[in-house]
Amino acid sequence: MSEYIIGGWTQNPADTSPNSFSFTMYGMVTNLSGLTTGTPQSPGWSPDTTAAPGGSGKVLWTYGGGGCTPNNMPQNATEVSAIVNATQTKNWAGVDFDDECYMNVDMLVETMSKLKSLNKECSYTFLAGWDYNNPSASSEGTKINQAVQTIAQSGAVNRFCLMCYAEAMWSMSDIEANVGPAIKRTIANGVPAKQVILALTPAGLNQQNLSYFLNEVTQNGIGGLFIWDYPALPSSYLQQIEQALLGA
């Protein structure tokens, strides 16, 4: 068995992940008050009414994501119960919490702890760029670091996924300035190295930046690599990732 894992995200419950994936995340559930994808005005599917798809590895749903609303969620015990109940009743293996809207960290820890007690998986996904690496220069960076530290101390989460990209892959100068430091910062914030997962996107991916990411995974001995929108990943790049991390 490889010491690294591969996984990824998709927004379409009909997508099937590659056999090499240990984890597949479906979402993004960005309408947090309604617990659906889409927006409150135009809701999509909900993990509360959609059974976990079959596929490779463990199947999670993603709470949050880009454009998630409102901030400071979950806010109360009813919302915590809604997350836990949806996960349980529809046979999801767990929840990926993608914090892109200043979530309520204390309530997240409570939710994660309840899911853990039910033997469900949890991951905490966050933007691990300049703000995260320079907390003294940014209140947002300070909040992200505090969230990572608090969640790590709780022991209730299985993985921390570092989003080191934007709409597309960062420039190589930004990658070199932030990826390695973000990994080291996360470990310094109390996360075991094997719980740290680096994440990339197929948009703007090329041989140079992919090789750099794979090298950061192996050089730092972290948990592995996850891919946003994995259906868009060229098969040649997937094969390269499998070869580098799984020896496949």
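The values are calculated or read from the model by the stated rules, or taken from the named source; none is laboratory data. The structure displayed is predicted, hence computed values, not measured ones. In this analysis, Cβ positions are derived from the backbone assuming ideal geometry, glycine residues included, and neighbour counts consider all displayed protein chains. Side chains are part of the model used for accessible areas, which takes the heavy atoms of the whole protein and leaves out ligands, DNA and RNA. Shrake-Rupley method; radii C 1.70, N 1.55, O 1.52, S 1.80 Å.
Assorted remarks:
- Diffusion of segment 102-248 by Stokes-Einstein, at 37 °C in a medium of 0.692 mPa s and with Rh set to the Kirkwood radius over alpha-carbon pairs, works out to 208 µm²/s.
- Cα centroid separation - segment 73-88 against segment 21-64, whole Å: 14
- Peptides ranked, highest mean first, by Cβ atoms within 10 Å: ranges 55-64, 34-43: 55-64, 34-43
- FRET efficiency for Asn76 and Thr150, using Cβ-Cβ distance with R0 set to 25 Å, rounded to 0.05: 0.85
- Cysteines, the chain, no other Cys beta-carbon under 4.7 Å: Cys122, Cys161, Cys164
- In terms of packing, defined here as the mean over residues of other Cβ atoms within 10 angstrom, the peptides 221-227, 88-94 line up highest first as 221-227, 88-94.
- 30 Å Cα-Cα reach of Lys90 towards lysines, excluding residues that sit fewer than 8 places from it in its own chain: Lys58, Lys114, Lys116, Lys120, Lys194
- Relative contact order of the chain, pairs being alpha-carbon contacts under 8 Å that are 6 or more residues apart, as %: 18
- Percent accessible area from carbon and sulfur atoms, the chain, protein chains only, probe 1.4 Å: 47
- Using alpha carbons only: equivalent-ellipsoid semi-axes of segment 5-246, gyration tensor based, whole Å: 26, 21, 16
- The residues of the chain expose, per residue, 41 Å² of accessible area to a 1.4 Å probe.
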